[in-house]
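Single-structure report; data block below.
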Amino acid sequence: MQLTKTDFIQYLNCPESLWLLKNKPQVYEEYKGEFSLFLEKLIQEGYEVEGYAKQLFKNSIDLPEDASPEYTKTKLASDNTVFFQPSFLSDKGVFARVDVLEKLPNGSFHIYEIKSSTSIKKDKKHNHLKDACFQKYVLQECGYTVSKVSIINLNKEYVRQGTIIAEGLLDIIEVTDEIENLYSSVVNEINAAITFINKENINAQECSCLYKTRSNHCDSFSHFNTDIPDYSIYEIGRISAKKVIELVEDGNTAIIDIPLDFELNTKQQIQVASLKQEKPIINNTAIDKELSNLKFPLHFVDYETYASAVPKVDGMSPHKHLVFQVSIHTMQEDGTLTHFEWLGRSLELPTEMLHQMQNFTDSTGTFISWNAPFEIGRNKDMIAWLPEFARYLSYMNEHMYDLMNIFKEDYVDYRCHGSSSIKKVLPVLCPQFSYSELEVQDGTMALDTWGRMVSDPNFNEDIEQTRKNLLEYCKLDTLAMVEIYKVLKNI
Ligand code: SF4
């Protein structure tokens, strides 16, 4: 069975899910969930960054994407010194396709790994150095000497002005010594991965995440752990792994079964109490106090943004978010509601949007958003790009209130499954409102749809209908806040 670099990354994150993918692909397909638009976008961005990286090399040859290891062998013997996408297969079935490979004068090789991030990731979920070790391992197994390894990634300081300059956009960072230090431990992990995927069976009744918190779980969790009930201990906000282990070992995987004397913090106890009493636990005094501090008019605001690895607009840097859409519902003290919305038609800084927004709200009242650090961060970016709006955007940030905070402590309903996301809170508080009928279902879908609409020459959907779908989605986000606010005012 072959092991690719992608497989190896998956193995490092979770051996069980890789085993399922390799040995029971039909079952894996059922549980892995949809290949997200977000991942699809990441892959496209990777190709785009690779395109610029190629401009950094001379005397190069671009091997076909599906070129075989045998074909690579013949090409490596040519006069070229740089090869894009050469592939290698070791005797043990470990396969690598290297982004860029340079033949050095002494006959050894320099591997370049291209990443669309602005730093070298070294975390548990994704470690770029381990990726590079994997490539080096396969080449060495195939009899080549690798004397240098570098990572090419995006320069976060780069600011686009007109045509992209590859030398400015990209950084080349040599990591030969770091790879050397990691190498033998990664080789051990590669060998362990080969052994694991070739096992005939693994324990199908449970996987290691049974003992880990929810942030570690993947979509295969329910496949492996069929006995876990609805309203499980994993939903408890910020529960520690230590407590999860304790509860699982005692056979208490349902919140309802947690013993009365089990130690939880106040917020967690409120969540458990909500489920046991089958009703929300509401701190009316705290909610009244919070809401009475808000100054009318109340502007319920939501941005949609488009972030790209390679900046698309002059003045922007890699991975910065471009605000392409806004919805604002403004409520006066007498309850009157007015609505403003704006949706960009092209990739450009939102100067016109800010003009119209300012006309609509002026620097008045309180701005209310859900997960306010996001809107505040976008306003800070726009202050830097469009300083003529600095006063207005600073006013917004200084008068921004995060409605989500109430659902972290003062209004806890077990039916939200331990989440304070607006998608979970809205159907519980206002079941008459729903996202399920909308064509655009979430922020990722919105950015993907808009990005394709304004930049893909092959976009063949109805543009006016697509704009209508995007406007409806963002409008519901702010209307949802209005309705939730009304519920909170009347409890
Ligand atoms: S839930 Fe965790 S251990 Fe289980 S398959 Fe997914 S990532 Fe692996």
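General remarks:
- Residues of region 263-298 that are in a loop (DSSP other than H, G, I, E, B) and closer than 13 Å to Phe407 by Cα: Pro280, Asn283.
- Condition met for Ile282 (in contact (Cβ under 8 Å) with a residue 40 or more places away in the chain, touching a strand residue (DSSP E or B) at 6+ places or on another chain (Cβ under 6 Å) and away from the ligand (no atom under 16 Å from the Cβ)): yes
- All of Gly143, Gly168 fail the test of being in a loop (DSSP other than H, G, I, E, B) and more than 16 Å from the ligand (Cβ to nearest atom), apart from Gly143.
- Sole residue being more than 21 Å from Glu409 (Cβ to Cβ), hydroxyl-bearing (Ser, Thr, Tyr) and touching a residue at least 24 places away in the same chain (Cβ under 8 Å), chosen from Tyr231, Tyr211: Tyr211
- Hits in region 8-23 (condition: more than 10 Å from the ligand (Cβ to nearest atom), under 8 Å from Ile197 (Cβ atoms) and among the hydrophobic types (A, V, I, L, M, F, W, C)): none
- Number of positions in region 171-210 that are within 14 Å of the ligand (Cβ to nearest atom) and either of a type in the set (Lys, Arg) or exposed (fewer than 12 other Cβ atoms within 10 Å of the Cβ) (or both): 2
- Taken over region 357-396, the residue count meeting the criterion of being under 28 Å from the mean Cα position of the chain (by Cα) and within 23 Å of Leu479 (Cβ to Cβ) is 13.
- The residues of region 299-311 that are part of a loop (DSSP other than H, G, I, E, B) and in contact with a helix residue (DSSP H, G or I) (Cβ under 7 Å, 6 or more places away or on another chain), listed by number, are Ser308, Ala309, Val310.
- Candidates are the residues of region 211-226 that are assigned to a helix (DSSP H, G or I) and more than 8 Å from the ligand (Cβ to nearest atom); the one that is surrounded by the most Cβ atoms within 10 Å (Cβ to Cβ) is Arg214.
- When each of Phe340, Phe300, Phe324 is tested for being surrounded by 16 or more Cβ atoms within 10 Å (Cβ to Cβ), under 23 Å from Cys474 (Cα atoms) and in contact with a His (Cβ under 7 Å, 6 or more places away or on another chain), the lone residue that passes is Phe300.
- Some residue of region 172-193 being assigned to a strand (DSSP E or B), assigned by TED's automatic domain parsing to the domain that holds Tyr52 and under 26 Å from the mean Cα position of the chain (by Cα): yes
- Helices (runs of 4 or more DSSP H) fully within region 386-440 that include at least 1 residues being at pLDDT below 95 and within 29 Å of Leu322 (Cβ to Cβ): 422-429.
- Among residues that are outside any strand (DSSP E or B), aliphatic (A, V, I, L, M) and in the same structural domain as Ala193 (by TED's automatic domain parsing), Leu129 is included.
The values are calculated or read from the model by the stated rules, or taken from the named source; none is laboratory data. The shown structure was predicted, so the numbers you read here are calculated from the model rather than taken from an experiment. Please note: Cβ atoms are built from the backbone with ideal geometry, for glycine as well, and neighbour counts cover all protein chains shown.
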